[in-house]
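Visitor: Could you have a look at this structure, given as structure tokens, before my questions?
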Amino acid sequence: MTLPLEAEPLPLHTDRDGTIRVGQTRVPLETVVDAFNEGATAEEIAYHYPTLDLSDIYATITYYLRHRAAVDEYLREQESRGQELRRKIEASQPDRRGLRERLLARRSA
């Protein structure tokens with residue numbers, strides 16, 4: 001018997017915002033990598049994210065282990081993008097300090 005030895009397509013895709021997603025889901029690459037780095041097995045990740053196929057999780061972990069430096073750099077960039085977005089959102093929000101007290105005072109009046 002001969003086994004078909006052919007490359008399987010990578011279960012990763014980039015969405016329109018530049019975020020890498022796993023399989024045909026909205027689960028980002030960093031979710032799988034972070035869980036793996038925290039000691040979760042592929043089966044545990046599948047249990048917590050049932051939309052993911054176990055084979056896609058294994059393929060993602062394999063990709064990460066073979067391309068650790070590039071994936072870690074991507075994750076740092078994603079973290080930086082997230083922090084910048086958080087700063088922009090917080091800067092555009094009105095000052096909410098004392099909001100609860102002002103609302104309660106208005107309600108009491």
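Visitor: Only residues that are assigned to a helix (DSSP H, G or I) and surrounded by fewer than 14 Cβ atoms within 10 Å (Cβ to Cβ): list them for region 30-44, please. Step through it out loud before you land on a result.
Guide: Restricting attention to region 30-44, the residues satisfying the condition of being assigned to a helix (DSSP H, G or I) are 30-37, 42-44.
Within region 30-44, Asp34, Asn37, Glu43 qualify.
Visitor: Answer yes or no: is there a residue in region 8-22 that is in a loop (DSSP other than H, G, I, E, B) and in contact with a Gly (Cβ under 8 Å, 6 or more places away or on another chain).
Guide: yes
Visitor: Right, something else. Please verify whether Gln83 is touching a residue at least 40 places away in the same chain (Cβ under 8 Å), over 16 Å from Thr25 (Cβ atoms), among the polar types (S, T, N, Q) and assigned to a helix (DSSP H, G or I), treating the condition exactly as stated.
Guide: It is false that Gln83 is touching a residue at least 40 places away in the same chain (Cβ under 8 Å), over 16 Å from Thr25 (Cβ atoms), among the polar types (S, T, N, Q) and assigned to a helix (DSSP H, G or I).
Readers should treat all values here as calculations from the given coordinates under stated rules, not as data from a laboratory. Nothing here was measured: the structure is a model prediction, and the numbers come from that model. As a convention, Cβ positions derive from the backbone with ideal geometry for all residues, glycine included, and neighbour counts pool all protein chains shown.
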